[in-house]
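Notes follow once the structure below has been shown.
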Amino acid sequence: MKKKIIAMVAAVMLCSAGSAFAAASEGSKLLCTAAFLKLAGEGYEIDYADADDLTTSQVKRYSGNREADVTYAAVGVAVEDETKIRVKVFDENEKLIEEDTDVRMAVASHTPKWTGKFAYTVDVYKNTDFCFGILTK
């Protein structure tokens, strides 16, 4: 229960932090918060969150340094019902190391063997608002 409360407080803080996540629609925020809370119940904590909109032909890219032997979950949530969303994870050499495609929420988990830069892409199969987060375990 404590982890869920911490995740919920973190999500509320993100919503009021002036980031792109804060500018998202209320529906986007609620769906993202629900997805992040689900993972918080599995021991994850929010490391990064963003919300935006995508058209079918767009790919949104994120990147950042990740630590060795830490488990990360890259989470994409599509706001529109029945919308497929895909999340991909690439290592510093642009090699695809993990991907997930699903309806409404995709989760691509990875545990780097080295500290370095990793990239993440999100794309959808129809126009929609979406949110993306990196969670750590």
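The values are calculated or read from the model by the stated rules, or taken from the named source; none is laboratory data. The shown structure was predicted, so the numbers you read here are calculated from the model rather than taken from an experiment. Because the Cβ atoms are built from the backbone with ideal geometry, glycine has one as well, and the counts that use them run over all protein chains shown.
Under 8 Å between Cβ atoms, at least 6 apart or on separate chains: pull out the pairs that start in the range 33-62 with a residue that is in contact (Cβ under 8 Å) with a residue 40 or more places away in the chain and on the phi < 0 side of the Ramachandran plot and end on any residue that is aliphatic (A, V, I, L, M) and part of a loop (DSSP other than H, G, I, E, B).
51/24; 52/24
Out of 51, 40, 78, 68, report the one residue that is in contact with a Ser or Thr (Cβ under 7 Å, 6 or more places away or on another chain), among the aliphatic types (A, V, I, L, M) and over 21 Å from residue 127 (Cβ atoms).
68 is the lone residue from the list that is in contact with a Ser or Thr (Cβ under 7 Å, 6 or more places away or on another chain), among the aliphatic types (A, V, I, L, M) and over 21 Å from residue 127 (Cβ atoms).
All but one of (1) without any contact (Cβ under 8 Å) to a residue 12 or more places away in the chain; (2) surrounded by 13 or more Cβ atoms within 10 Å (Cβ to Cβ) hold for residue 134; which doesn't?
All conditions pass for residue 134, except number (1).
Which pairs have Cβ atoms under 8 Å, sit 6 or more apart or on different chains, and link a residue in the range 86-113 that is over 22 Å from residue 68 (Cβ atoms) to one that is surrounded by 17 or more Cβ atoms within 10 Å (Cβ to Cβ) and acidic (Asp, Glu)?
The qualifying pairs are 86/100; 86/123; 106/100.
Somewhere in the range 82-91, is a residue in contact with a Pro (Cβ under 8 Å, 6 or more places away or on another chain), part of a loop (DSSP other than H, G, I, E, B), among the charged types (D, E, K, R) and farther than 19 Å from residue 36 by Cα?
yes
Yes or no: residue 123 touching a residue at least 40 places away in the same chain (Cβ under 8 Å) and buried (at least 18 other Cβ atoms within 10 Å of the Cβ)?
Judged against the criteria, residue 123 is a match.
Does residue 29 satisfy being modelled with pLDDT under 75, under 14 Å from residue 130 (Cβ atoms) and of a type in the set (Lys, Arg)?
Criteria met by residue 29.
Where residues in the range 36-73 are assigned to a strand (DSSP E or B) and hydroxyl-bearing (Ser, Thr, Tyr), which of them is modelled with the lowest pLDDT?
Checked the range 36-73; the qualifying residue modelled with the lowest pLDDT is 48.
Checking residue 12 against (1) over 18 Å from residue 128 (Cα atoms); (2) at pLDDT 80 or above, which single condition isn't satisfied?
Unmet for residue 12, out of (1) over 18 Å from residue 128 (Cα atoms); (2) at pLDDT 80 or above: (2).
I'd like to know if the range 102-111 contains one or more residues that are within 18 Å of residue 31 (Cα to Cα), in contact with a strand residue (DSSP E or B) (Cβ under 7 Å, 6 or more places away or on another chain) and part of a loop (DSSP other than H, G, I, E, B).
yes
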